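Below is one structure; the comments refer to it alone.
Values in this text are rule-based calculations from the coordinates and carry no lab data. Predicted model, so just to flag it, every value in this text is computed and none were measured. A quick note on method: Cβ atoms are made from the backbone with ideal geometry, for glycine too, and the neighbour counts reach across all protein chains shown.
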Amino acid sequence: MSLNTTKKSNKDSNTSEKVSFINAFKDPQKRSSIIYKTTTIIFTIIAAGFAFISIYPYLFSLIASLRKGMDVYSTGWKLSDLTLYAYNKIFFGMKSDESIQLIRWMGNTAFVSIISTLLTLLVASLGGYALARIEFPGKKFWFGLLLGVMMIPGQITLIPKYIIIAKFLGWTNSYIGLIVPFLFSAYFTFMMRQFFLSFPREVEEAAILDGMSRVGVFFKMVLPLSKAPLLSAGILIFMGSWGSYLWPKLLISKMPMYMLSQGMTVMMGGRYTATPSVQMATAIISTLPLIIIFMIFQKQFIGSIAKTGSKGV
């Protein structure tokens, strides 16, 4: 008798819950709240799935770099199997191998990337400021030419650029040959021009009335207040220069002058093909500076991308 009573009470409670849910769904405000929470959960699950798919190759590379020999391709592994063998080999076990100069290659890449970033930012800022603020003959023509250059793929200009740098100027196997050809960037010049269009003219006019020159206004006022777009452009330029492969491959033939991307190909095709964990560790080390820089400046980078170009052409 008590069992039947319990079943009946449970049935009544379930019925009352269904009725209350139906009544709540009839209320427009509660219905929108239910739909919002449901869609939020669904999209969160989908986003988490895509995030895992995107991160998985990096997780696989990291775990593979902590394993030894050919075991990196096996699916089964334990935490006790992980070792720092590959990293120990890279930093301490390759000193006797003259063909592997990883630290020097990283130094070359860091030097070229930093100098290229600073000089490209300077050239892009000067060009963007001139197009945004200074009136000069042929301004519209040069701006149209700038937009046209943005539409030309870089691969088309690669051969003429190589002929000029390598044949006419003789800048092969030199840092200047790696830096100078990429000092002008149509994209980042346009990006800085869009930012300077939204910069308040009143600040510049007040400084000019006080006797400051146009050059002084740019370097002492405009440039210090342009940290957001400079930061976002700098991160993109640095990442592009750090990961560059094709141009250094064409221009650099001496091993001590190799960039990191070239050095990694040497390791991929050399004696370390039998130790893929070393290759994976090299890839992790090469991408680590980019990850650290992006993590440090992530907030400013995303904010500057959202704000830059708010004013139309």
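Structure values in brief
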quantity: Across LYS220/LYS249; LYS139/LYS299; LYS140/LYS220, pairs whose alpha-carbon gap is larger than 32 Å; calculated: LYS220/LYS249; LYS139/LYS299
quantity: Ratio of Rg to Rh over region 97-307 (Cα coordinates, Kirkwood Rh, two decimals); calculated: 1.04
quantity: Label-point gap, in nm, between ILE134 and GLN155 - each point 7 angstrom along Cα→Cβ; calculated: 3.7 nm
quantity: Under the Debye formula (equal points on every Cα, no solvent term), log10 I(q)/I(0) of region 181-271 at q = 0.24, 0.25, 0.26 Å⁻¹; calculated: -1.19, -1.24, -1.29
quantity: Histogram of C-alpha separations across region 101-220, 10 Å bin width, %; calculated: 11, 31, 32, 18, 7, 0
